[in-house]
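The values are calculated or read from the model by the stated rules, or taken from the named source; none is laboratory data. Keep in mind that this is a model prediction, so the values were computed, not measured. Cβ placement follows ideal geometry from the backbone for every residue including glycine, while neighbour counts extend to all protein chains displayed.
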């Protein structure tokens, strides 16, 4: 998210605004916005309603949580479960709502490269 904050002035030259969407709760999104000093909207989609409309739900995300088996109050097993997540995705959407460019990865640690984003913006919006 900080990367897009840094790109904000360059994007603004092309009339592009940044809006971020995550599956985080409203409270978590507000905390991240404050922590990272983000000036653009950070929207919350905990049920992945909008994320699913764009088709970017990650269907293979595993989460390990403690199971119900305990010994003297200490959890002894990790239970894998499927966790609903969004695929890290950058969308460039025009004023008509048409997706002009999409960049995504299956690795949640990777995000769009600044140079690629700016090339896509220049190509789509001159």
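Values computed for the structure shown
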read-out: Tally of residues being part of a loop (DSSP other than H, G, I, E, B), in contact with a strand residue (DSSP E or B) (Cβ under 8 Å, 6 or more places away or on another chain), closer than 30 Å to residue 126 by Cβ and free of Cβ contacts under 8 Å to residues at least 60 places away in the same chain across the stretch 14-40; value: 3
read-out: Counted residues, the stretch 108-126 - those being surrounded by 13 or more Cβ atoms within 10 Å (Cβ to Cβ), touching a strand residue (DSSP E or B) at 6+ places or on another chain (Cβ under 9 Å) and at pLDDT 90 or above; value: 4
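Rundown of residues vs (1) modelled with pLDDT of 90 or more; (2) assigned to a strand (DSSP E or B), yes/no style:
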site: 80; (1), (2): no, yes
site: 91; (1), (2): yes, yes
site: 97; (1), (2): no, no
site: 106; (1), (2): no, no
